[in-house]
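**Student:** Below is a structure I'd like to ask you about.
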Amino acid sequence: MKKVDLHELSADEAIKVFLTEYKQYQTKREAFKVIHGYGSSGEGGKIMRRIRRTLSENSDKLKFTFGEDIDGNPGYTIIYPQAPIPQFLDLLAQEILAFCESSKVQEKVLSKFRKHGESQIIKALKNLERQKMIKIGSKGNYKTWTAF
């Protein structure tokens with residue numbers, strides 16, 4: 001079985017690598033092992049939580065088995081791809097949409113998602129606007145976004 005090791009990556013880098021690898025394995029419908037580690041907190045690290053949240057949110061498009069259910073090791077997950085899942089920009093857009101359930105000014109959105117970089121945030125917002133999933137407004141002199 002092929003392995004994708006996400007150690008030594010930031011959570012954002014890890015999710016990008018995971019999504020890229022998933023896309024490759026999904027076209028072949030080939031299972032693969034994601035080694036995400038468990039983290040040092042004793043409650044699961046950021047990478048593990050992000051990967052598993054992505055898997056849960058897309059459980060209609062794939063199957064997965066946690067390592068702890070196989071051999072007691074929570075540091076990996078076996079993925080059985082079945083259908084395409086959203087890529088990184090789509091995931092960022094989903095997070096922005098959830099954040100903008102109540103109207104948010106541009107600076108709040110940029111601040112909340114700053115780790116993704118301003119250009120990625122603006123790109124995600126423009127995609128949401130084009131898809132008519134978010135509406136532009138204003139609060140005084142400030143641009144706002146609100147999810148429909």
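The values are calculated or read from the model by the stated rules, or taken from the named source; none is laboratory data. Treat the numbers as computed from the prediction; the structure is a model and nothing was measured. All Cβ positions, even for glycine, are placed from backbone atoms using ideal geometry, and neighbour counts span all protein chains on display.
**Student:** Output the number of residues of the stretch 97-148 satisfying the condition of being in contact (Cβ under 8 Å) with a residue 40 or more places away in the chain and within 17 Å of residue 50 (Cβ to Cβ).
**Tutor:** Looking only at that region, the number is 3.
**Student:** Of the conditions (1) part of a strand (DSSP E or B); (2) over 20 Å from residue 21 (Cβ atoms); (3) not aliphatic (A, V, I, L, M), residue 65 satisfies every one except a single condition; which number is it?
**Tutor:** It is condition (2) that residue 65 fails.
**Student:** Specify which of the listed residues (97, 55, 19) is closer than 30 Å to residue 138 by Cβ and either in contact with a Pro (Cβ under 8 Å, 6 or more places away or on another chain) or in a helix (DSSP H, G or I) (or both).
**Tutor:** Exactly one residue qualifies, and that residue is 97.
**Student:** Among the residues of the stretch 111-143, count how many are farther than 20 Å from residue 15 by Cβ and either assigned by TED's automatic domain parsing to the domain that holds residue 13 or in a helix (DSSP H, G or I) (or both).
**Tutor:** Count: 4.
**Student:** Do you know which residues across the stretch 50-71 are out of contact with any helix residue (DSSP H, G or I) (no Cβ under 8 Å at 6 or more places or on another chain) and surrounded by 15 or more Cβ atoms within 10 Å (Cβ to Cβ)?
**Tutor:** Correct list: 52, 55, 58, 61, 67.
**Student:** Right, something else. Could you list, in sequence order, all residues of the stretch 72-86 that are β-branched (Val, Ile, Thr), at pLDDT 90 or above and surrounded by 18 or more Cβ atoms within 10 Å (Cβ to Cβ)?
**Tutor:** Across the stretch 72-86, the qualifying residues are 77, 79.
**Student:** So, one more: Kindly evaluate residue 65 against the criterion of being touching a Phe, Trp or Tyr at 6+ places or on another chain (Cβ under 9 Å), of a type in the set (S, T, N, Q) and closer than 26 Å to residue 115 by Cβ.
**Tutor:** So residue 65 does not fit the description; no.
**Student:** Six or more apart or on different chains, Cβ under 8 Å: which pairs go from a residue in the stretch 35-46 that's at pLDDT 75 or above to one that's among the polar types (S, T, N, Q) and not in a loop (DSSP other than H, G, I, E, B)? Could you list them?
**Tutor:** Close Cβ pairs satisfying both conditions: 36/77.
**Student:** Would you confirm whether or not the stretch 14-32 contains a residue that is assigned by TED's automatic domain parsing to the domain that holds residue 75, modelled with pLDDT of 90 or more and touching a Lys or Arg at 6+ places or on another chain (Cβ under 6 Å)?
**Tutor:** Yes, some residue in the stretch 14-32 is assigned by TED's automatic domain parsing to the domain that holds residue 75, modelled with pLDDT of 90 or more and touching a Lys or Arg at 6+ places or on another chain (Cβ under 6 Å).
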